[in-house]
Amino acid sequence: MKLLRHGDQGNERPGIMDQDGHIRDLSSLINDIDGTTLSDEKLAWLRGQDVASLPIVPKGTRLGPCVGNVGDFICVGLNYEDHAREANLPIPEEPVMFMKATSAISGPYDDVIRPRGSEKMDWEVELAIVVGKRAAYVPEERAEEHIAGYCIANDLSERAFQFERGGQWDKGKSCNTFAPIGPWLVTRDEAGDMSDRAIWLAVNGHRYQDGTTAYMIFRPAFIVHYVSQFMTLMPGDIVITGTPPGVGFGLTPPVYLQPGDVMTLGIDGLGQQQTKVVEASD
């Protein structure tokens, strides 16, 4: 299933993409696409409903973040060997973990705000894991059972905040709108094997990132297992899994986002995002 959320910001309603590409409203069946609806049992029940009988959402309706009420937004950095090299950082022996504020979450076509004082705003297309089942000390061989599905994320970053302002990376990762997710959550059964999917990002039509998940150092199931050794993952949590090479600060000379720039990004089987950079208004 392709699950999504539609409507005005803060008032999104649950939806599903039908076989003909129409968005159907799920409000008569569930309250939201969030941790309360992402268990295998709930998804199996939803899969058995007559989606074709549900109202069609009008074309042009805004799509919001594909998961609501996210508890934790966990990030794995340097998870592509070639990206670690472009960043001049050693290949990690264990996953590098950091957090992103959930207030950064935005929709897949919403404007992205360049924060006040930004000089080095950058992009990172990533595969996002959506947790469907509580995970604490999960063995690797059982970790996939805790994944509800996958979506696209853009781990936007302000590199001056991240690297030049002291402390950990979070302050360069958590600005408003720095975590667009969607357009939809593709459930684990439909997504299938994510180990060799094209993953790419273009700015103003120029493709800077053009990679494949085959070059991940740590795979999604291992990441869920690993993170669960240090914290409990809850249904609706999101774990993003690193980015391939081609980020702006790794280029020679570096390239950073400016107001008016348009990012288009995608992962095979998970759809595409398109967002425009705008200046902070207040």
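Numbers at a glance
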read-out: Spin-label pair D8/R62, simplified geometry with 7 Å Cα→Cβ offset, distance in nm; value: 0.8
read-out: In sequence order, calculated HN-Hα J values of region 264-277 (Karplus, 6.51, -1.76, 1.60; Hz; x Gly/Pro); value: 10, 8, x, 9, 3, x, 10, x, 9, 10, 8, 9, 10, 7
read-out: Chain lengthening between Q168 and S39 when straightened (0.36 nm per residue, less Cα-Cα); value: 43.1 nm
read-out: Longest site-free stretch - the chain; sites: GluC sites (Glu not before Pro), DSSP loop, at most 12 other Cβ within 10 Å; value: 120-282
read-out: Under 27 Å from K133, Cα to Cα: lysines that are on another chain or at least 8 residues apart; value: K2, K42, K100, K173
read-out: Estimated FRET transfer efficiency when R0 is 25 angstrom, pair S53-N31 (beta carbons, to 0.05); value: 0.85
read-out: Simple Cβ-charge dipole of region 67-279, Lys/Arg +1 and Asp/Glu -1, about Cα centre, in debye nearest 20; value: 500
read-out: Distance in nm between pseudo-label sites at M99 and H22 (7 Å out along the Cβ direction from Cα); value: 4.3
read-out: Förster-model FRET efficiency, 30 Å R0, S281 and H206, C-beta, rounded to 0.05; value: 0.65
read-out: Sites E190 and E119, calculated FRET efficiency, Cβ-Cβ separation with R0 45 Å, nearest 0.05; value: 0.65
read-out: Cα centroid of region 251-282 to Cα centroid of region 1-77, whole Å; value: 25
read-out: Cα centroid separation, region 143-181 to region 188-239 (Å); value: 13
read-out: For region 1-143, the fraction of alpha-carbon pairs in successive 5 Å shells from zero, as %; value: 2, 7, 14, 17, 17, 15, 12, 9, 5, 2, 0
read-out: DSSP beta bridge pairing in region 67-279, given as percent antiparallel to the nearest 5; value: 85
read-out: Cα-based shape type of the chain, given that a ≥ b ≥ c are square roots of the gyration tensor eigenvalues and the cut on a/c is 1.5; value: oblate
read-out: Nearby aspartates and glutamates by direct alpha-carbon distance to K276 (threshold 19 angstrom, same-chain neighbours under 8 apart not counted); value: D8, D110, D111, E119, D122, E124, E126, D155, E158, D261
read-out: Selection from W45, I240, A280, by position along the positive dipole direction of the chain (Cβ); value: A280
read-out: Packing rank of 255-265, 176-186, where each peptide gets the mean count of other beta carbons within 10 Å, highest leading; value: 176-186, 255-265
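None of the figures in this text is laboratory data; all of them are computed from the coordinates on show. Predicted model, so just to flag it, every value in this text is computed and none were measured. Methodologically, a virtual Cβ is constructed for each residue, glycine included, from the backbone with ideal geometry; neighbour enumeration extends over all protein chains shown.
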